[in-house]
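Report on one structure; see the data block that follows.
The values are calculated or read from the model by the stated rules, or taken from the named source; none is laboratory data. Keep in mind that this is a model prediction, so the values were computed, not measured. All Cβ positions, glycine included, derive from the backbone under ideal geometry; neighbour counts span all protein chains shown. Ligands, DNA and RNA are stripped out before the accessible areas are found, and what is left, the full protein with its side chains, is counted by its heavy atoms. Shrake-Rupley method; radii C 1.70, N 1.55, O 1.52, S 1.80 Å.
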Amino acid sequence: MDGVIKIVIIDDHQLFREGVKRILEFEKGFEVVAEGSNGNEAIALVEQYKPDVVVMDINMPQMNGVEATAKLVERFPDVKVLILSIHDDESYVTHVMKTGARGYLLKEMDADSLIEAVKVVAEGGSYLHHKVTHNLVKEFRRLAAGATEGGNNSSNGTLKNVEYQKPLHLLTRRECEVLQMLADGKSNRSIGETLFISEKTVKNHVSNILQKMNVNDRTQAVIVAIKNGWVKVR
């Protein structure tokens with residue numbers, strides 16, 4: 001997206017909120033236009049400031065982040081909500097994302113992940129914390145295997161029998177390595193340390209993977225890769 005990304009931060013812990021604000025304001029092209037401490041304030045501030053992205057905690061007084069997200073998406077369909085949470089359980093994440101949130105970050109995230117997440121959701125994409133992605137992928141695989149054992153012959157149910165092979169017809173060998181590590185739930189920093197390359201190089205590889213696979217985000221890339229037998233789920 002062109003221009004400045006306007007952001008509202010909603011979290012009832014002031015120190016954490018100030019830390020998030022400092023990280024975001026340090027990034028060129030970001031502007032934190034307002035802060036609040038609960039869901040009611042989130043709705044009022046979005047109505048007043050018309051931000052591009054709302055970075056919001058889940059556990060808050062008066063109105064929690066899940067309720068607030070549902071109301072914001074209904075009333076202000078152009079605003080993108082990025083959830084911050086301590087919960088990494090896949091059922092919890094799925095419930096939150098169904099309310100209309102565009103991103104889900106664990107509060108253990110690093111500054112680079114927060115910045116990247118804001119940029120991705122502002123541009124209309126989806127972003128999940130790498131640990132959350134890994135948990136969702138494992139659950140996706142478990143359900144698919146269960147469907148096969150139950151005699152379901154649907155396309156999802158055949159995943160158990162997919163033979164693992166690298167998609168060298170589509171990706172380079174290095175991109176195949178990065179795709180596997182995305183499926184393993186590794187962050188860009190961890191991938192860079194493992195492959196002895198910079199985070200910037202990792203980001204370039206991820207961008208190339210998404211473009212070649214014609215998907216919008218790394219979660220979609222991993223799911224497509226699993227369906228086609230391009231990665232091992234460990």
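What to note about this one:
- With R₀ set to 25 Å, the beta-carbon distance separating Asn228 from Arg189 gives a calculated FRET efficiency near 0.40.
- Converting phi to 3J(HN,Hα) with the Karplus coefficients 6.51, -1.76 and 1.60 and the offset θ = phi - 60°, segment 54-60 yields 10, 9, 9, 6, 8, 7, 9 Hz in sequence order, with x at every glycine or proline.
- Tally of Lys pairs whose C-alpha atoms are under 22 Å apart, taken over segment 1-103, 8 or more apart or cross-chain: 14
- Other residues lying with their Cβ under 14 Å from the Cβ of Leu171 contribute a combined charge of +3, Lys and Arg counting +1, Asp and Glu -1.
- Centroid-to-centroid separation of segment 70-91 and segment 164-197 [C-alpha atoms, Å]: 29
- Extension reserve of the Gln220-Ala111 stretch, reckoned as 0.36 nm per residue once the Cα distance is removed: 36.9 nm
- Averaged over residues, the count of other Cβ atoms within 10 Å places the peptides 17-29, 174-186 in the sequence 174-186, 17-29, highest first.
- Relative to the longest principal axis of the Cα atoms of the chain, helix 173-183 runs at roughly 60 degrees.
- Spatially proximal aspartates and glutamates relative to Lys200 (Cα-Cα < 20 Å; intrachain offsets below 8 disregarded): Glu27, Asp110, Asp112, Glu116, Glu123, Glu175, Glu177, Asp184, Asp217
- Tilt relative to the chain, helix 130-149 - C-alpha long axis, 0 to 90 degrees, to 10: 50
- Within straight-line cross-link reach of Lys227, lysines at Cα separation under 17 Å, skipping those fewer than 8 residues along the same chain: Lys138, Lys160, Lys166, Lys212
- Between Glu177 and Glu27, the FRET efficiency estimated from the beta carbon spacing at R0 = 30 angstrom works out to 0.55.
- Using the average count of surrounding beta-carbon atoms within 10 Å as a protection proxy, the listed peptides 48-58, 107-117 rank, highest first, as 48-58, 107-117.
- Ordering of 88-94, 31-37 by packing [mean C-beta count within 10 Å, highest first]: 31-37, 88-94
- Environment charge of Lys186, counting only residues whose C-beta is closer than 10 Å and scoring Lys/Arg +1, Asp/Glu -1: 0
- Solvent-accessible area per residue in the chain equals 50 Å², computed with a 1.4 angstrom probe and all protein chains kept.
- The share of accessible area on the chain that comes from carbon and sulfur is 48 percent, using a 1.4 angstrom probe.
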